[in-house]
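Encoded as structure tokens, the structure appears first; notes follow it.
The values are calculated or read from the model by the stated rules, or taken from the named source; none is laboratory data. Since this is a predicted model, take the numbers as computed values, not measurements. Methodologically, a virtual Cβ is constructed for each residue, glycine included, from the backbone with ideal geometry; neighbour enumeration extends over all protein chains shown. With ligands, DNA and RNA removed, areas are computed over all heavy atoms of the protein, side chains included. Shrake-Rupley method; radii C 1.70, N 1.55, O 1.52, S 1.80 Å.
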Amino acid sequence: MSKIESFEIEIPQLKRDRTVWVYLPDNYKSTGEPCPVIYMHDGQNLFYDKLTACGAAWHVEKVMEDIYKDTGKGAIIVGVECYDRARMSEYSPWKMSLSTKMRHKGDAKSKRNRGGEGELYAEFFTKNLKNTIDAKYNTVKEREATAVIGSSMGGLISCYIALRHQRLYETMGLFSTYSQFNRSAFNKFLDKNQQILPQHALVYCGGKEFGVKRGDSVMIKDSLSLYEKLSARGIECELLFNSSFNHYETAWGVYFDKFARDFLARYYSSRTV
């Protein structure tokens, strides 16, 4: 039977503590066949409505239970809590661009939320967190069984982590990626960071992300650009739009189903070749 448990972890690079939620699938056993792992950001928004600021979670546990019923396959889900007051800084290796800062006047007043801590967060995520999960749980260690996914700023840092650490993560989910936080720095990273291993990516964007025509069109354009740049790198990339969906956890939960099914299908099919 599946279950969700949690533990506290330190981010030593930033001297902060966080809660980590871990979903263990129906087929999980501490001994025997290990499970693939999907790493996620904004852990407080993944499982429990009462923990979210908006009142609605992704409910990835329900998605994974449906997948297990259909396929008999499962994955461990790891979700790291994020604090709003430091979220944008932790999820971007680059400082907020001036044009974006003007649109986020409230957040920009806090120096802790202007970006620039993403490299340290990525180091924690790929070393401290992953090593802890691999030590505590029966996981598949190979990159083909390891994915990272996030939404909005979480999509930005997921892309950064997956490309900077290709030897650890084969698959990335980039949902409603807020690349306009610093579009110039992000695009420069995409252009200059070398592709050394094959990867898969799912890029998703809603048609009503912000409910403002100009803002929606900008994110749609940025998502298309991200897809094109990833594809040009040789990454096997899929682009999905939904014209009726907005910038919301329930929308991301819908497409998490496809992301998880495709990831598990690729992993298990590769083992039978």
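Per-structure values
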{"read-out": "Hey, SER217 in contact with a Gly (Cβ under 6 Å, 6 or more places away or on another chain), farther than 25 Å from GLU142 by Cβ and either of a type in the set (D, E, K, R) or at pLDDT below 95 (or both) or not", "value": "no"}
{"read-out": "Conditions (1) closer than 20 Å to TYR178 by Cβ; (2) open to solvent by 70 Å² or more (accessible area, probe 1.4 Å); (3) out of contact with any helix residue (DSSP H, G or I) (no Cβ under 8 Å at 6 or more places or on another chain): number failed by PHE241", "value": "(3)"}
{"read-out": "All positions within region 244-264 that are aliphatic (A, V, I, L, M) and open to solvent by 60 Å² or more (accessible area, probe 1.4 Å)", "value": "VAL254"}
{"read-out": "Residues satisfying the stated conditions in region 45-54, i.e. outside any loop (DSSP other than H, G, I, E, B) and surrounded by 21 or more Cβ atoms within 10 Å (Cβ to Cβ)", "value": "ASN45"}
{"read-out": "Members of region 63-96 found to be surrounded by 14 or more Cβ atoms within 10 Å (Cβ to Cβ) and assigned to a helix (DSSP H, G or I), listed by number", "value": "VAL63, MET64, GLU65, ILE67, TYR68, ALA86, ARG87, MET88, SER89, GLU90"}
{"read-out": "Positions within region 34-61 being more than 16 Å from the chain's Cα centre (by Cα) and in contact (Cβ under 8 Å) with a residue 12 or more places away in the chain, in sequence order", "value": "PRO34, CYS35, THR52, ALA53, CYS54, ALA56"}
{"read-out": "Index of the failed condition, TYR267 passing every other in (1) closer than 19 Å to TRP58 by Cα; (2) buried (at least 16 other Cβ atoms within 10 Å of the Cβ)", "value": "(1)"}
{"read-out": "Of all residues making up region 129-148, the number that are in contact with a Ser or Thr (Cβ under 7 Å, 6 or more places away or on another chain), assigned to a helix (DSSP H, G or I) and not hydrophobic (A, V, I, L, M, F, W, C)", "value": "1"}
{"read-out": "Counted residues, region 118-135 - those being touching a residue at least 12 places away in the same chain (Cβ under 8 Å) and either open to solvent by less than 40 Å² (accessible area, probe 1.4 Å) or more than 18 Å from the chain's Cα centre (by Cα) (or both)", "value": "10"}
